[in-house]
Amino acid sequence: MRMSKDDDFSGRFLQILNDGMLCLMTSVGHKAGLFDTMARLAPSTSAEIAKAAKLNERYVREWLGAMVTGRIIDYDPSAGKYSLPATHASCLTRAAGIDNLAMFTQYVALMGNVEDDIVKCFKKGGGVPYSAFPKFQEIQAEETARVFDARLVSDILPLAGQTDRLKSGIDVLDVGCGTGHAINLMARTFPKSRFWGYDISREGIGAARAEAKKMKLKNARFKIVDAAKIDDREKFDLITAFDTIHDQARPTKVLKCIYRALRKGGTFLMQDIAASSRLHENMQNTLAPTLYTISTMHCMTVSLAYGGEGLGTVWGEQKAKEKLAEAGFGSVDVKQVEGDMLNYYYVTQKKSNDL
Ligand SMILES: C[S@@+](CC[C@H](N)C(=O)[O-])C[C@H]1O[C@@H](n2cnc3c(N)ncnc32)[C@H](O)[C@@H]1O
């Protein structure tokens, strides 16, 4: 391997290599609770940090080596003490809530686990199924809990324009509900409305039911359902789909099922990745390389694993509108939530004279 900084690209590439490794070490730090511990401590030695975090000192010291040379943690060599700057803690700790970026780095290891399977798919086609991602629901739940807790009721749901009706009592379905946190939060906020969550994941539905029970909700129900086989007709006033349509094996069919399941004039709120369907228009999208990677290593491949369309994470606005129109929806508003650079919120209605 050529390891020189002679030209711009090789220098940049060394940085990419370092940053990739730092992602993995950040994930380790997040899982081991090291950032949370360090945020509470005054400048400390590796032994003090390891003791406070109840971890093995030798591993902590090596991790600190990566963090210090990666400019994530500060080091005072004369005192042999390490500290996490407050500005870094504000985007690396659990206390940072929705601003915690460290939790995202867990996806690097999750996807690294299936690298060999993905390479086989490059050669033979097909895909890697959900069962190859045993930690997926757990990490996804951790990711979306932060977002839903901070924004669902206050910023996201109002985009559907249904708040008054939710207060008086309507029927709501969340398609691909995962571990059900969105449904449970909505059900708690709007006790007169009735909520259903459908997902194909047994693990997701199990966690959703457990949370609903813990929250003592009487108006939230969950069912294992393949979204492409939803057979409800004109049953719901509002249907939501958070970050799930592009993962589907049969998204076109799913959107048609959603259209059929809505009552006339009912609203569909679809959260999906903020991107263009045209590659060159994504050059300015800061997260584009991450999105195409997640697509290749997870979203596209799980769809292809079931003989699906393989839309991919970056299917984009133009394609999304095309698919919504194909399902029967009329005009579509594409909205964004302040501070959420990752998502578009598509809001559309079932025509009031349609089936
Ligand atoms: C990226 S996750 C989003 C989960 C949840 N909406 C959230 O925001 O936390 C996509 C979800 O779609 C579900 N899913 C994929 N294919 C499905 C299908 N055919 N029917 C129902 N759910 C499906 C997965 O099990 C997963 O929970």
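The values are calculated or read from the model by the stated rules, or taken from the named source; none is laboratory data. Computed from a prediction, not measured in an experiment: that's the story for all the values here. Cβ sites come from the backbone with ideal geometry, for glycine too, and all protein chains shown count toward neighbours. Areas reflect the complete protein model, heavy atoms only, side chains present, ligands, DNA and RNA absent. Shrake-Rupley method; radii C 1.70, N 1.55, O 1.52, S 1.80 Å.
Normalising the average separation of contacting C-alpha pairs (under 8 angstrom, six or more residues apart) by the number of residues puts the relative contact order of the chain at 13 percent. Spin-label model, Ala150 to Ala95: label points 7 Å out along the Cα-to-beta-carbon direction sit 1.6 nm apart.
If you run the Gaussian network model on the chain, springs between alpha carbon atoms under 10 Å, then out of Ala241, Ala210, Ala79 the most flexible one is Ala79.
Provide the gained length on full extension for the span Leu14 to Lys213, in nm with one decimal, where the gain is 0.36 nm per separating residue minus the Cα-Cα distance. The partial results should precede the final answer.
Values: separation 199, 0.36 × 199 = 71.64 nm, distance 4.99 nm.
In short, 66.7 nm is gained.
For Asn56 and Lys135, the difference between the fully extended length at 0.36 nm per residue and the C-alpha to C-alpha distance is 26.0 nm. Listed by number, the DSSP H helices of the chain that run 30 Å or longer by alpha-carbon position along their axis and have mean Kyte hydropathy of at least -0.5 are 8-31.
Once every DSSP H run of n ≥ 4 in the chain is given -39500 (n - 2.57) and the sum is divided by its residues, what mean residue ellipticity at 222 nm do you get, rounded to the nearest 500 deg cm²/dmol? Don't jump to the answer; show the numbers that get you there.
Details: 15 runs with 149 residues, N = 355.
Estimated from H runs of four or more residues: -12500 deg cm²/dmol.
Highest mobility in the GNM of the chain, judged by mean-square fluctuation with C-alpha springs under 10 Å and restricted to Ala182, Ala212, Ala47, is found for Ala47.
Counting only heavy atoms of protein chains, what accessible area per residue, in Å², does the chain have with a probe of 1.4 Å? All intermediate terms of the calculation are to be shown ahead of the outcome.
Working: 18010 Å² over 355 residues.
The answer is 51 Å² per residue.
Solvent-accessible area assigned to carbon and sulfur over the chain amounts to 54 percent, based on a 1.4 Å probe.
Rounded, prolate or oblate: which fits the chain, taking a ≥ b ≥ c as square roots of the Cα gyration tensor eigenvalues, rounded meaning a/c under 1.5, else prolate when a/b beats b/c? Prolate. Largest GNM mean-square fluctuation across Ser27, Ser303, Ser131, computed for the chain with C-alpha springs under 10 Å, falls on Ser131. Here segment 10-68 and segment 278-355 have alpha carbon centers that stand 36 Å from each other.
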